[in-house]
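Chemist: Take this structure, written in structure tokens, and hold onto it; I'll ask about it next.
The values are calculated or read from the model by the stated rules, or taken from the named source; none is laboratory data. These numbers come from a predicted model, not from an experiment. Because the Cβ atoms are built from the backbone with ideal geometry, glycine has one as well, and the counts that use them run over all protein chains shown.
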Amino acid sequence: MTRERIVGDGRDTAFRRPTINDVAALSGVSKSTVSNVMRQTGSVSDATRRRVVEAVERLGYRPNATARNLVMQRTNLIGVLVGDLANDFNAELVKRIEQHASAAGYTTLVCNTGGHAEREGSRIEALLEQRVDGIALLDFTGDRAVLSQLLGERVPVAMVSCWSEYADCVAVDDMVGVGLAVQHLVELGHRRIAYAVDPLMEATTRHSRAEAFDRVMLRSGLPPRSEWTVLCGTGDDGGDDAAMLELLRGEAPPTAIVAANDHTAIRLMELLEGAGRAVPGDVSLAGIDGIDTAGLSRIALTTVAQPKEELASLGVALLLGRIESGYDAPPQQRRLRPALIVRQSTAPPR
């Protein structure tokens with residue numbers, strides 16, 4: 001806050017935030033001229049512009065964003081709805097989205113649902129109350145009420161790393177991604193392959209990957225077994241973790257596990273080693289997402305990596321394009337190809 005005294009108008013700004021009127025008085029121009037300089041519009045001489053800029057710097061003046069937004073009909077805010085920031089992939093993607101949005105002059109407001117579908121509507125409502133220019137959905141349950149709200153508000157929306165036929169979206173092809181993981185394990189000689197589900201994963205992606213696993217297994221001549229698809233990492237009592245351990249203690253247990261994401265795979269790695277099961281000596285383990293932590297030498301997780309940078313840049317481009325083109329333009333959709341990264345968590349079965 002400035003402590004400059006404005007000469008000539010009798011006001012002392014020592015204990016208040018400077019206004020556009022203060023800048024106008026100090027630089028000897030009208031309020032509209034100051035506004036033109038700040039918005040870089042209108043015809044203003046270089047000398048006048050310099051006086052205004054010097055006054056702004058001297059006073060520490062910051063434009064009133066609310067007033068500017070009312071004039072411009074923009075807030076330069078975009079919302080980001082994410083399901084689980086504890087998942088490194090989501091955190092890395094949000095970071096990249098923020099960077100691309102910032103480079104385009106936008107500020108991001110991030111809302112985390114914590115994997116709870118009932119929070120989705122309230123988080124979106126909170127973003128709408130902030131009058132965001134658009135929302136990037138990294139998490140979406142498919143709730144029609146939520147969709148109706150967004151349609152009614154005519155809010156530009158882009159889905160990033162999740163998919164819908166009715167909206168702008170960019171995501172990897174889950175069938176290809178899961179196929180790469182299963183094919184890798186089959187080529188190593190595995191025939192008994194389980195699937196570990198993260199219940200906090202975004203709903204459409206969770207269902208898509210589970211369905212892809214069943215299809216790829218059938219295509220490989222390995223009928224999937226429903227009891228070998230196990231929820232992991234929920235509840236304080238470790239019930240789901242216990243179910244996975246019980247499965248591995250059974251007769252002819254799985255020799256490999258495909259985890260729905262790297263977050264779940266790393267949890268499973270710790271769980272298995274804590275139970276005296278070596279990875280990959282006893283059980284091979286593959287994840288999906290390609291988070292940075294998976295590449296650490298202590299973890300060395302085989303994974304199907306999503307192109308995070310491309311997802312973020314295209315997601316922001318789609319959202320900003322929607323903001324500019326309007327709500328009624330046809331949706332733009334992109335499928336990206338993931339890549340298999342083989343590390344030390346997979347090996348041929350004993």
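Chemist: Checking the structure you have, find out if any residue of region 338-346 is polar (S, T, N, Q), closer than 21 Å to L138 by Cβ, touching a strand residue (DSSP E or B) at 6+ places or on another chain (Cβ under 8 Å) and outside the structural domain of Y195 (by TED's automatic domain parsing).
Modeler: No, every residue in region 338-346 fails to be polar (S, T, N, Q), closer than 21 Å to L138 by Cβ, touching a strand residue (DSSP E or B) at 6+ places or on another chain (Cβ under 8 Å) and outside the structural domain of Y195 (by TED's automatic domain parsing).
Residue-by-condition table, conditions (1) surrounded by fewer than 19 Cβ atoms within 10 Å (Cβ to Cβ); (2) aromatic (F, W, Y); (3) in the same structural domain as W163 (by TED's automatic domain parsing):
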| residue | (1), (2), (3) |
| --- | --- |
| L247 | yes, no, no |
| P254 | no, no, no |
| P280 | no, no, no |
| I291 | no, no, no |
| R298 | yes, no, no |
| A317 | yes, no, yes |
| R350 | yes, no, no |
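Chemist: Name the one entry in L185, L137, L180 that is within 23 Å of G290 (Cα to Cα), at pLDDT 90 or above and not assigned by TED's automatic domain parsing to the domain that holds R267. Steps first, answer last, please.
Modeler: On the way: L185 fails: not assigned by TED's automatic domain parsing to the domain that holds R267; L180 fails: not assigned by TED's automatic domain parsing to the domain that holds R267.
The conditions single out L137.
Chemist: Going through region 167-217 one residue at a time, which ones are in contact (Cβ under 8 Å) with a residue 40 or more places away in the chain, charged (D, E, K, R) and crowded, with 20+ Cβ neighbours inside 10 Å?
Modeler: D168, D198, E202, R209
Chemist: With the requirement that a residue be part of a helix (DSSP H, G or I), surrounded by fewer than 12 Cβ atoms within 10 Å (Cβ to Cβ) and polar (S, T, N, Q), what does region 19-60 give you?
Modeler: S32
Chemist: Of R11, R39, R17, R5, which residue is within 29 Å of R131 (Cβ to Cβ) and modelled with pLDDT under 75?
Modeler: On the way: R11 fails: within 29 Å of R131 (Cβ to Cβ); R17 fails: modelled with pLDDT under 75; R5 fails: within 29 Å of R131 (Cβ to Cβ).
Result of the check over R11, R39, R17, R5: R39.
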